[in-house]
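The values are calculated or read from the model by the stated rules, or taken from the named source; none is laboratory data. It should be emphasised that the depicted structure is a prediction, and the values quoted were computed from it without experimental measurement. For neighbour counting, all protein chains shown are included, and Cβ atoms are generated from backbone atoms with ideal geometry for every residue, glycine included. Surface accessibility is based on the protein's heavy atoms, side chains included, excluding ligands, DNA and RNA. Shrake-Rupley method; radii C 1.70, N 1.55, O 1.52, S 1.80 Å.
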Amino acid sequence: MIKKTLEQLYAEHQGKVSDKWSSYLLEYERIFEGIRSKPISMLEIGVQNGGSLEIWASFFPEAAAIIGCDINPDCAKLKYENPKIHLFVGDANQEDSLNAISKQAPNLDIVIDDGSHRSSDIIRSFCLYFSRLTSGGIFIAEDLHCSYWKPFEGGIDYEYSSMSFFKQLVDLVNWEHWTNLQSRTGRLKTFNDFYGCFLTEKDLACIHSIEFVNSMCIIRKANSMDNRLGRRVIVGNDALVVTQIMGLKDQEYQLDQGLIEKPTFFQKLKRFFG
C-alpha cells in the first residue's frame, strides 16, 4: 500500500483547520520517513484549531497516542472520534499538564513545540520534555523566526533567545573534545539561571544531533554511548606513507591532554610562517 505524503494529506484534509508553513511539510516528510509505521507517541504543544492532530493521526496510522496541549481554554470545544487522539487544555510547562500528558504517554517519541513561540516557553519546554523522549526520539521547535523579534523575547543578538540556546546545544554534541573540562550543565548555566529550568548532565549527554532549517530546530536523542566518536576503523594492509597509523587500529577515542600543553605540528608551522 502506497502511503500518502504529508503534503497530500494536507491537500485533501477537510476536517478541523491546521496551519503549517509549506516547507515544514517537506521537512516532516523527511524527518519522520523511517518511523511512519511505528507505534509512536507524539506530543504537539499548541494546536490552535486542532486540525494537525487529525492529520498526524492519518500520517502515523500505527501511532499509540497523538497528544495535543494548548493553553487556550477554547480548545476544550475540540472533540475527536479517533481514540488515539488526546487533547489537554493547559500550559504544557506546568506540572498539572505534564502529569496529564505523562499519564497518557509516559514516554514520547516526538515532541513538536508550536506553542507561544516565546523564547522562555520554548526553552522551558525543551528542558521539561527532552528527558521524557525515548532513545531515538525527536524534539522539534517550530517558528523560530520569532526568536529574532523582541515581542517574542528574541533578537538576533539577544543572548537569551531560543536560537541562542539551541546554538549552545551544538557544542554539547562535541563535548568529549572540550579541553577546558567544563561540564555540559555549566555551559547552559546562564540559561538555567535566567529561565529557572534545568537539564541534568545525563540528559544533555543524550543529545545526538542538532539540525537547523528555516525556522525549525530538530534535536535527536540517543543513548549517550552512541553519541561518542567511537573507535578508529582502519582497514587495508599497505601503509606506505604513514606507517604508524596501523598502531591506532580499533583504539577508542580519547582526548589527548598533550594538545593542551604542547602545540601541534601544524600550530608550529603557523607560528613559523606567521
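Percent of accessible area on the stretch 153-228 owned by carbon and sulfur, 1.4 Å probe? The partial results should precede the final answer.
Working: 2010 of 3960 Å².
Reported share for carbon and sulfur atoms: 51 percent.
If I build a Gaussian network model for the chain, linking alpha-carbon pairs within less than 10 angstrom, which residue out of LYS84, LYS103, LYS189 has the largest mean-square fluctuation?
It is LYS103.
Can you give the accessible area of SER183, probe radius 1.4 Å, in Å² rounded to 10?
Approximately 50 Å² of SER183 is accessible to the 1.4 Å probe.
Among (1) 67, 28, 14; (2) 37, 27, 21; (3) 40, 23, 17, only one was calculated for this model; which label is it, if the read-out is semi-axes √(5λ) of the Cα gyration tensor in Å?
Working out semi-axes √(5λ) of the Cα gyration tensor in Å from the coordinates points to (3).
Carbon and sulfur atoms: what percent of the 1.4 Å accessible area of the stretch 34-119 do they account for?
Details: 1800 of 3820 Å².
Result for the stretch 34-119: 47 percent of the exposed heavy-atom area is carbon or sulfur.
Could you tell me how many cubic angstrom of Cα convex hull volume the stretch 27-183 has per residue? Walk me through the intermediate numbers first.
Values: hull volume 20.7 nm³, N = 157.
Once divided by residue count, the hull of the stretch 27-183 is 132 Å³.
Using packing as a proxy for protection, rank 7-13, 140-146, 240-246 so that the peptide with the highest average count of other Cβ atoms within 10 Å comes first.
Working: 7-13: 13.9, 140-146: 21.1, 240-246: 8.4.
The packing order, highest mean first, is 140-146, 7-13, 240-246.
Mind listing which GluC sites (Glu not before Pro) in the stretch 143-185 are in a DSSP loop and have 11 or fewer other Cβ atoms within 10 Å?
GLU159
Work through the residues other than HIS208 whose Cβ is under 10 Å from its Cβ and net out their charges, Lys, Arg +1 and Asp, Glu -1.
Working: positive: ARG220, LYS221; negative: ASP226.
Neighbourhood net charge equals +1.
Calculate I(q)/I(0) for the stretch 148-243 by the Debye formula, one identical point scatterer on each C-alpha and no solvent, and give its log10 at q = 0.22 Å⁻¹ to two decimals.
Log10 I(q)/I(0), no solvent term: -1.22.
Taking the alpha-carbon set of the stretch 1-104, what are its Rg and Dmax in Å?
Final numbers for Rg and Dmax: 13.6, 42 Å.
Quick test of your reading: applying the under-4.7 Å Cβ rule, which cysteines of the chain are isolated?
Cysteines of the chain left without a disulfide-compatible partner: CYS69, CYS75, CYS146, CYS206, CYS217.
Go ahead and estimate [θ] at 222 nm for the chain from helices alone: -39,500 (n - 2.57) per DSSP H run with n ≥ 4, summed, over the residue count, rounded to 500. Write out the running numbers ahead of the final one.
Values: 11 runs with 87 residues, N = 274.
Result for the chain, helices only: -8500 deg cm²/dmol.
Given +1 on the Cβ of Lys and Arg, -1 on the Cβ of Asp and Glu, and no further charges, what dipole in debye does the chain carry about its Cα centre, rounded to the nearest 20?
On the way: 30 positive and 36 negative charges, 167 e Å.
The calculation lands at about 800 debye.
Averaged per residue, what accessible surface does the chain expose to a 1.4 Å probe, in Å²?
On the way: 15830 Å² over 274 residues.
Accessible area per residue: 58 Å².
So how far apart, in nm, are the two label points at VAL241 and VAL17 if each is 7 Å from Cα heading toward Cβ?
Output for this residue pair reads 6.2 nm.
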